[in-house]
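Take a look at the structure set out below.
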Protein chains: 2
Amino acid sequence: MKLLVIYDIGDNSLRLGTAEILKDFGLARVQYSAFAGDLNHNRRDMLEISLAALLRRHRGARSTDRIYLLPLCDDCFASAHFLGERTHFPDHRVDRWKVV
Amino acid sequence: MKLLVIYDIGDNSLRLGTAEILKDFGLARVQYSAFAGDLNHNRRDMLEISLAALLRRHRGARSTDRIYLLPLCDDCFASAHFLGERTHFPDHRVDRWKVV
């Protein structure tokens with residue numbers, strides 16, 4: 001199942017650390033603060049544990065930091081729309097583009 | 001059905017205009033560049049037309065600007081996880097919070 005992760009993180013180091021974890025789990029950057037990719041349930045759980053541990057332990061963490069992990073089933077993904085000339089969302093079947 | 005809208009927009013005026021349209025359609029800000037709320041199919045279509053028109057016409061638009069409209073069915077939303085002390089995601093049934 002696809003997973004979308006979006007985040008608001010104030011500290012540069014913590015934000016970079018978050019992005020590194022997301023890359024390590026095979027997710028691809030789809031916007032500046034958004035990653036997505038295909039992860040099974042176990043890997044999603046492991047990713048969440050890793051991100052929660054980083055948020056809990058990092059000295060740069062702030063009360064306003066937030067990370068959302070949002071699964072997208074096939075039906076939801078099929079209904080997603082992307083506006084812009086350089087949109088990208090990973091799909092092992094086909095890359096999806098829509099030019100405004 | 002819930003709709004999540006995330007965006008990367010470089011120009012301040014265009015970014016503000018995008019946020020204004022999202023608010024006008026009743027969506028709530030859930031992160032700095034992310035809004036969400038409940039919209040039926042017709043309203044989702046109207047929102048997309050409005051955002052696409054803004055991107056097409058605004059003199060501050062850049063080729064790197066992008067707006068993703070992502071529907072979340074009840075099952076996907078039920079599986080979503082939110083990390084952080086001040087997470088927020090609109091839900092007419094109950095506000096969802098999770099403290100790390």
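Key figures
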read-out	value
Subset of the stretch A:38-57 [touching a Gly at 6+ places or on another chain (Cβ under 9 Å) and either open to solvent by 100 Å² or more (accessible area, probe 1.4 Å) or in contact (Cβ under 8 Å) with a residue 24 or more places away in the chain (or both)]	A:Asp38, A:Leu39, A:Leu54, A:Leu55
Flag if B:Lys98 is touching a Leu at 6+ places or on another chain (Cβ under 9 Å), within 24 Å of A:His88 (Cβ to Cβ) and modelled with pLDDT under 95	no
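The values are calculated or read from the model by the stated rules, or taken from the named source; none is laboratory data. Small disclaimer: the values here were computed from a predicted structure and weren't measured. Counting neighbours? That spans all protein chains shown, and the Cβs are built from the backbone with ideal geometry, glycine included. Accessible surface areas use protein heavy atoms only, side chains included; no ligands, DNA or RNA. Shrake-Rupley method; radii C 1.70, N 1.55, O 1.52, S 1.80 Å.
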